[in-house]
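To keep things clear, I will list the structure first and then write my remarks on it.
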């Protein structure tokens, strides 16, 4: 497979060929790479409730390991993620880090929704959140990145984002996870532990925040 950064059609096709639980596992693994973005915002501004997001993501992993899903609890967690003391407001934070935290939270909520109602589009949305974070962060957060949409045009900007190390690494990890999921019939605890921890970035996110 040859995943692309801005066009998720190939990813959607690959996901649609996997069982619902395998799709969910892909999303949960992706969220592990996003969660540190939210934690970073909370630590930077001494704000927020990172424990809620960790609990929410753990619900998905528990479901994947065979635990019965508590729909009421899942819906409660999704509601908690939307509250003022959990969801960062642009007016309060602005700039970089806020949007990245918002998209990380959104991805976890979509993963939770997929626990209740499996839907490939929810899983694609999780992957889209990862791409949105990279696209938003790189122009402001990487001082070596000197391409802009306004100065260089849309095509050159998109090419520069696609070739950025963060984007290359994310697509490589998604490709690896998809291949492993295709080869794995049963999602046993050993495989899920690998999937959950195999992004070896010393606790940092897909954009190196921790």
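When the residues of segment 62-74 are narrowed to those that are out of contact with any helix residue (DSSP H, G or I) (no Cβ under 6 Å at 6 or more places or on another chain) and assigned to a helix (DSSP H, G or I), which ends up farthest from residue 104 (Cα to Cα)? Checked segment 62-74; the qualifying residue farthest from residue 104 (Cα to Cα) is 72. Which residue, of 57, 77, 53, 34, is over 14 Å from the mean Cα position of the chain (by Cα) and either modelled with pLDDT of 95 or more or in a helix (DSSP H, G or I) (or both)? Checking each option against the conditions leaves just 77. Candidates are the residues of segment 1-31 that are free of Cβ contacts under 8 Å to residues at least 60 places away in the same chain and assigned to a helix (DSSP H, G or I); the one that is farthest from residue 171 (Cα to Cα) is 13. Checked against the criterion of being closer than 20 Å to residue 173 by Cα and out of contact with any strand residue (DSSP E or B) (no Cβ under 7 Å at 6 or more places or on another chain), segment 45-57 contains one or more residues that satisfy it. Test residue 206 against the criterion of being crowded, with 19+ Cβ neighbours inside 10 Å, at pLDDT 95 or above and farther than 29 Å from residue 41 by Cβ, and give yes or no. Against the criterion (crowded, with 19+ Cβ neighbours inside 10 Å, at pLDDT 95 or above and farther than 29 Å from residue 41 by Cβ), residue 206 does not qualify. Listed here are the helices (runs of 4 or more DSSP H) enclosed by segment 91-198 that have at least 2 residues being crowded, with 17+ Cβ neighbours inside 10 Å: 95-116, 120-141, 154-162, 165-183, 189-197.
The values are calculated or read from the model by the stated rules, or taken from the named source; none is laboratory data. Keep in mind that what you see is a predicted model, and the values were worked out from it rather than measured. Quick reminder, even Gly has a Cβ in these numbers, built from the backbone with ideal geometry, and neighbours come from all protein chains shown.
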